[in-house]
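Asker: Encoded as structure tokens, here's the structure I'll be asking about.
The values are calculated or read from the model by the stated rules, or taken from the named source; none is laboratory data. Remember, predicted model here, so these are calculated numbers, not experimental data. Neighbour counts run over all protein chains shown; Cβ positions are idealised from the backbone, glycine included. Heavy atoms of the whole protein, side chains included, go into the accessibility calculation; ligands, DNA and RNA do not. Shrake-Rupley method; radii C 1.70, N 1.55, O 1.52, S 1.80 Å.
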Amino acid sequence: MAVTKKPAAKKAAPKKPAAKPAAKKTTAKTAAKVAPAKKAAAKPAAKKTTAKAAPAPKLGGEITVNGNKIMKTLQTEFSKKFEYLTLCFIVDEDREKCVNVRGINTNKRLSEVRKKFSNEEISLHGRTKVQNIEKYFWDELGIACQIGICNYNGHAHYFPIGTFNGLTLTAANEWAKNAGCKKVGATEIAQICRGSIF
């Protein structure tokens, strides 16, 4: 009886190990096939989403004008959006002049410089005409300003008049670019912020 039981136990034992390795191989192969497919699909999707979202801030929205804004900050925002144009705040008597225009110090808030109070808030965008911006600052806030360009016809800073004033900011920016004017950077912003003579 003892001899008969021992061979039966030996035959049953080899069947169990054979089943376990087969299950492990199947699981490993399945996991290897599925995992790479998921990782490969997830990485490109994340890169595409990031690339599409990035350009939106560069386009920029409207530039708002209110009394709390520092004039120099407004000038910087303006020239970042319209890179060939400068927003210059000038002495009242020099309005509508092309050269020898005296700028004012723009390290103050608009509320500290304005001579008039207005509840109206203006937004500067590409469809805004040059003359309308100058008119708004003068009529609503009592601040003289002009839209200028850099490195034009031998002048480091120049204020075109006439037909230029009737252009939208987008068109005026394009006009300045085609005329070979210089892009406005930190140096030019600093020059129009310290009360220089243009």
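Asker: With viscosity set to 1.002 mPa s and temperature to 20 °C, compute the Stokes-Einstein D of the range 107-172, Rh being the Kirkwood radius across alpha carbon pairs; µm²/s, no decimals.
Answerer: Details: Rh = 13.1 Å.
It comes out at roughly 164 µm²/s.
Asker: Still on this structure, I have one more. About the Cα centre of the range 115-198, what is the dipole size in debye to 20, counting +1 per Lys and Arg Cβ and -1 per Asp and Glu Cβ, all else neutral?
Answerer: Working: 9 positive and 7 negative charges, 43 e Å.
For the range 115-198, the charge dipole is close to 200 debye.
Asker: When only C-alpha pairs under 8 Å and at least 6 residues apart count, what is the relative contact order of the range 120-198, in percent? Could you put the intermediate results ahead of the total?
Answerer: Numbers: 71 pairs, mean separation 25.4, N = 79.
That works out to 32 percent.
Asker: Add +1 for every Lys or Arg and -1 for every Asp or Glu among the other residues with Cβ under 14 Å from the Cβ of residue 113, and state the total.
Answerer: Numbers: positive: 69, 72, 108, 109, 114, 115, 116; negative: 92, 112, 140.
Its environment carries a net charge of +4.
Asker: Let me ask something else about it. Check which residues have an amide H placed less than 5 Å from residue 182's amide H, if you skip close sequence neighbours.
Answerer: 150, 151
Asker: Give me the one-decimal nm value for the distance between modelled label points at residue 139 and residue 108, 7 Å along each residue's Cα-to-Cβ direction.
Answerer: For residue 139 paired with residue 108, the spin-label model returns 2.5 nm.
Asker: Say the dipole of the range 89-183 comes from +1 at the beta carbon of Lys and Arg and -1 at that of Asp and Glu; which of 149, 89, 138 then lies farthest toward its positive end?
Answerer: Of the options given, the answer is 149.
Asker: Using the basic label-point model (7 angstrom from Cα toward the beta carbon), what is the residue 92 to residue 183 distance in nanometres?
Answerer: Between residue 92 and residue 183, the label points sit 3.9 nm apart.
Asker: Give me the extension gain from residue 69 to residue 132: residue separation times 0.36 nm, minus the current Cα-Cα distance, reported in nm with one decimal. All intermediate terms of the calculation are to be shown ahead of the outcome.
Answerer: Numbers: separation 63, 0.36 × 63 = 22.68 nm, distance 1.96 nm.
Computed gain between residue 69 and residue 132 is 20.7 nm.
Asker: Just list whichever of 81/183; 116/183; 135/182; 108/177 have alpha carbons separated by over 23 Å in the model shown.
Answerer: 116/183; 135/182; 108/177
Asker: Further question on the same structure: Can you tell me the accessible area per residue over the range 107-195, all protein chains present, probe 1.4 angstrom, in square angstrom? Kindly include the intermediate steps, with their values, before the conclusion.
Answerer: Values: 4650 Å² over 89 residues.
Per-residue accessible area for the range 107-195 comes out at 52 Å².
Asker: If you don't mind, there's one more thing I want to ask. Let a ≥ b ≥ c be the square roots of the eigenvalues of the Cα gyration tensor of the range 79-193; is it rounded (a/c under 1.5), or, if not, prolate (a/b larger than b/c) or oblate? All intermediate terms of the calculation are to be shown ahead of the outcome.
Answerer: Details: a/c = 1.64, a/b = 1.35, b/c = 1.21.
Taking the square roots of the gyration eigenvalues as a ≥ b ≥ c, the range 79-193 is prolate.
Asker: Could you work out, for the range 147-198, what percent of all Cα-Cα pairs fall into each 5 Å distance bin, beginning at 0 Å and stopping at the bin that holds the largest distance?
Answerer: 4, 20, 31, 25, 16, 5
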